[in-house]
Amino acid sequence: MKISGAIWALGAMSGTSLDGVDAAMLRTDGETITAFGPSDYRPYSKAERAQIAAALGQWPGDAQVAQASEVVEAAHAALLSRMITRVEDAPQIVGFHGQTMAHDPGVQGTHQAGDGALMAELLQLPVVWDFRSADVQLGGQGAPLAPFFHHACARYLGLTGPVAFLNLGGVGNLTFVDPEIAAPEAEGALLAFDTGPANAPLNDLMQARRGQIFDRDGALAAQGKVDADVVEDFLSHRYFLKIPPKSLDRDDFPDLSSKVAHLGDADAAATLTELCAASVARGMEHAPRPPSRLMVCGGGRRNPHLMARLRALLACAVDDIDDHGLDGDMLEAQAFAYLAVRVARGLPTSCPSTTGVAANVGGGVISQP
Ligand SMILES: Nc1ncnc2c1ncn2[C@@H]1O[C@H](COP(=O)(O)OP(=O)(O)OP(=O)(O)O)[C@@H](O)[C@H]1O
Ligand SMILES: CC(=O)N[C@H]1[C@@H]2OC[C@@H](O2)[C@@H](O)[C@@H]1O[C@H](C)C(=O)O
């Protein structure tokens with residue numbers, strides 16, 4: 001596909017918290033962001049969420065994965081076709097991440113449910129998908145992939161000096177950016193990795209104990225007391241000793257609920273929230289140069305108790321990225337719009353300092369309608 005100059009791209013992401021699909025438009029040439037466009041969201045129904053959850057950790061060939069893929073495809077088709085008909089500037093390309101079902105980069109690989117070739121046919125547009133496999137095949141973690149977009153955002157915002165982006169979804173990921181270095185793959189421009197579990201353990205606790213999908217506004221955690229022994233034990237996990245880049249699957253810390261089983265609801269929620277903040281603080285120790293600010297995106301930034309804990313533990317300013325004029329709910333969807341254009345232009349989407357891959361790699365498969 002030949003691209004000259006900026007085009008409108010539509011990106012879609014179904015994240016680890018399994019709440020639904022985010023989609024957003026972005027105008028870019030794959031290097032510079034020219035404009036942010038409209039966005040939309042389609043939640044999964046309870047039944048859909050259960051079908052996807054039942055297949056987590058399974059690989060292609062499994063019947064539950066096939067069923068989950070159909071759910072993911074139908075949800076994306078509904079949302080994206082609705083957007084394509086409604087937006088003023090039609091997209092010329094789609095970046096379709098799909099839903100990560102299993103992620104084991106060192107051994108079995110990585111798998112995102114959802115068939116991009118089918119999406120291209122349904123949407124009648126070129127679709128870029130399977131963003132992570134090429135990186136994994138070259139020895140990378142296949143994640144996180146948003147860092148190249150974080151770099152573009154930092155330059156769009158005209159930031160100078162080192163800054164950090166933190167995504168607090170089901171899993172947390174942190175990107176250190178030097179916006180003064182023009183190319184994201186250049187030495188020193190980026191360092192990125194997953195920090196640890198973010199909202200997922202707290203969501204699981206709320207579901208199990210209260211029948212709620214999350215701790216709204218951190219209200220329960222704010223009433224509880226942190227069990228410092230649990231935090232200390234958590235931080236002794238071998239993941240925190242690994243040097244970045246490194247990545248996680250949603251359930252790589254599977255026994256967290258048992259670690260707070262002896263605690264009442266509020267204390268358990270406070271402790272799981274603290275684990276998230278403490279793992280970010282650990283991650284910040286890897287900063288190549290101390291960032292002036294941490295810009296937080298993802299649903300976790302809506303949790304004032306979690307934000308307060310981050311501010312208490314970190315030396316730098318902790319900002320909701322919305323306060324810089326970006327949409328913290330849509331950054332990941334926008335990232336896959338951006339990466340789709342990069343793939344179409346043959347530009348890299350990850351590099352040794354973002355995924356640990358052996359060389360710069362342009363991941364992603366392009367399916368034409
Ligand atoms: N008002 C709120 N109070 C507390 N937590 C919130 C609030 N709003 C959202 N969250 C948390 O944010 C989560 C959703 O975050 P987000 O949509 O960024 O996740 P995701 O994109 O699915 O995950 P990932 O980035 O890991 O792929 C919810 O499941 C919830 O835990
Ligand atoms: C394997 C996978 O899907 N990882 C997700 C997950 O959710 C957050 C974190 O873990 C990050 O590594 C990644 O998503 C974002 C979009 C990324 O690749 O940057």
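The values are calculated or read from the model by the stated rules, or taken from the named source; none is laboratory data. Computed from a predicted structure; not experimentally measured. Note that we place each Cβ from the backbone using ideal geometry, even for glycine, and neighbour counts take in every protein chain shown. Areas reflect the complete protein model, heavy atoms only, side chains present, ligands, DNA and RNA absent. Shrake-Rupley method; radii C 1.70, N 1.55, O 1.52, S 1.80 Å.
Key figures for this structure:
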{"item": "Highest-fluctuation residue, Gly158, Gly142, Gly328 considered, GNM on the chain with Cα pairs under 10 Å", "result": "Gly158"}
{"item": "Using a Förster distance of 51 Å, the FRET efficiency for Arg289-Ala47 (Cβ separation, nearest 0.05)", "result": "0.60"}
{"item": "Residue-wise HN-Hα coupling along the range 44-58, computed from phi with Karplus coefficients 6.51, -1.76, 1.60 (Hz; x: Gly, Pro)", "result": "7, 6, 4, 5, 5, 4, 5, 5, 5, 4, 5, 9, 4, x, 9"}
{"item": "Under 5 Å, built H, 5+ apart or other chain: amide partners of Lys246", "result": "Asp194"}
{"item": "Accessible area expressed per residue, the range 158-324, with surrounding protein chains retained (probe 1.4 Å, Å²)", "result": "42"}
{"item": "Within the range 158-324, percent of DSSP bridges classed antiparallel, to nearest 5", "result": "60"}
{"item": "Built amide H within the under 5 Å cut-off of Thr100, gap 5+", "result": "Ala113"}
{"item": "Candidates Asn199, Asn167, Asn303, ranked by Gaussian network fluctuation over the chain, Cα under 10 Å, top entry", "result": "Asn303"}
{"item": "3J(HN,Hα) from dihedral phi, the range 355-363, Karplus parametrisation 6.51/-1.76/1.60, rounded to Hz, x for glycine, proline", "result": "10, x, 5, 5, 8, 4, 9, x, x"}
{"item": "Interchain or long-range residues, amide H under 5 Å from Ser350's placed H", "result": "Val361, Gly363"}
{"item": "Label-point separation, Ala315 to Ser81 (7 Å along Cα→Cβ), nm", "result": "5.4"}
{"item": "Sulfur and carbon atoms: percent of accessible area, the range 1-155 [1.4 Å]", "result": "49"}
{"item": "For the range 1-95: accessible area per residue (Å², 1.4 Å)", "result": "44"}
{"item": "Highest average packing first - 186-197, 335-346, Cβ atoms within 10 Å", "result": "335-346, 186-197"}
{"item": "Extended-chain gain in nm, criterion 0.36 nm per residue less alpha-carbon gap, Ser236 and Ala66", "result": "57.5 nm"}
{"item": "Highest-fluctuation residue, Asp62, Asp204, Asp322 considered, GNM on the chain with Cα pairs under 10 Å", "result": "Asp62"}
{"item": "Relative contact order (%) - the range 158-324, alpha-carbon pairs under 8 angstrom, separation at least six", "result": "30"}
{"item": "Radius of gyration and Dmax over the Cα atoms of the chain, both given in Å", "result": "19.3, 60"}
{"item": "Linear extension gain, Gln212 paired with Ala90, 0.36 nm per residue minus alpha-carbon span", "result": "40.1 nm"}
{"item": "In order through the range 225-232: 3J(HN,Hα) via Karplus (6.51 cos²θ - 1.76 cosθ + 1.60), integer Hz, x for Gly, Pro", "result": "10, 6, 8, 4, 5, 5, 5, 4"}
